[in-house]
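Chemist: Pasting a structure here, questions to come.
The values are calculated or read from the model by the stated rules, or taken from the named source; none is laboratory data. Everything quoted here is computed from the prediction, not taken from an experiment. Every residue, glycine as well, gets a Cβ built from its backbone with ideal geometry; the counts of neighbours run over all protein chains shown.
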């Protein structure tokens, strides 16, 4: 697992507060838990804070959420820096690409996907592209090994990628018309490529 650190102070906002709509939503999440267990709501509330702040989670938001839940700031920081769903650096306006770099994806072509990120977005991870639209990072297993290689963008996964098909995924976001998530080849979810190969019919006795 790579080291995950907060963005440098010069890009951190001085403060954070939820919009009225998001605050009401957060209170609904907190109310789901019994007294003394409100900290259990931290992950969805941090996620909502990240969405409100343009796709990345600043330190002020982490501390704000901790205060809402009556948690020590360090406990909230531990959670935010552990889970890669929380983006700790400024992210591209249109997409932040998380490339799975674990063994199955590496064996199936993740290197090609990383090269596309380096050429089309920025040579180094956690840097926003020159036009401000994209950013990327390499993360640990994203749980779709049978559909390797794959990336996570926002809430959606894009699987069975090649350099060419991944380029089309980026093109879709650039144009504001994302391609359909899931496998980018002719297969349904994790079913065999090309369809079933066994048990196609039942022989009569």
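Chemist: Just to be sure, is residue 8 closer than 28 Å to residue 174 by Cα and either in contact (Cβ under 8 Å) with a residue 24 or more places away in the chain or within 18 Å of the chain's Cα centre (by Cα) (or both)?
Modeler: When the stated conditions are applied, residue 8 does not pass them.
Chemist: Given (1) part of a loop (DSSP other than H, G, I, E, B); (2) without any contact (Cβ under 8 Å) to a residue 40 or more places away in the chain, identify the lone condition not met by residue 132.
Modeler: Failing condition for residue 132: (2).
Chemist: Go through the range 137-153 and report how many residues are touching a helix residue (DSSP H, G or I) at 6+ places or on another chain (Cβ under 9 Å) and in a loop (DSSP other than H, G, I, E, B).
Modeler: Result for the range 137-153: 6.
Yes/no matrix, rows are residues, columns are (1) surrounded by 10 or more Cβ atoms within 10 Å (Cβ to Cβ); (2) part of a helix (DSSP H, G or I); (3) at pLDDT 90 or above; (4) more than 18 Å from the chain's Cα centre (by Cα):
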{"position": "171", "(1), (2), (3), (4)": "yes, yes, yes, yes"}
{"position": "179", "(1), (2), (3), (4)": "yes, no, yes, no"}
{"position": "192", "(1), (2), (3), (4)": "yes, no, no, yes"}
{"position": "196", "(1), (2), (3), (4)": "no, no, no, yes"}
{"position": "205", "(1), (2), (3), (4)": "no, no, no, yes"}
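Chemist: How many of the residues making up the range 64-86 are within 16 Å of residue 23 (Cβ to Cβ) and within 23 Å of the chain's Cα centre (by Cα)?
Modeler: Counting residues in the range 64-86 that are within 16 Å of residue 23 (Cβ to Cβ) and within 23 Å of the chain's Cα centre (by Cα) gives 3.
For every residue, the table says whether it meets (1) closer than 28 Å to residue 164 by Cα; (2) in a helix (DSSP H, G or I).
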position: 36; (1), (2): no, no
position: 65; (1), (2): no, yes
position: 77; (1), (2): no, yes
position: 93; (1), (2): yes, no
position: 106; (1), (2): yes, yes
position: 123; (1), (2): yes, no
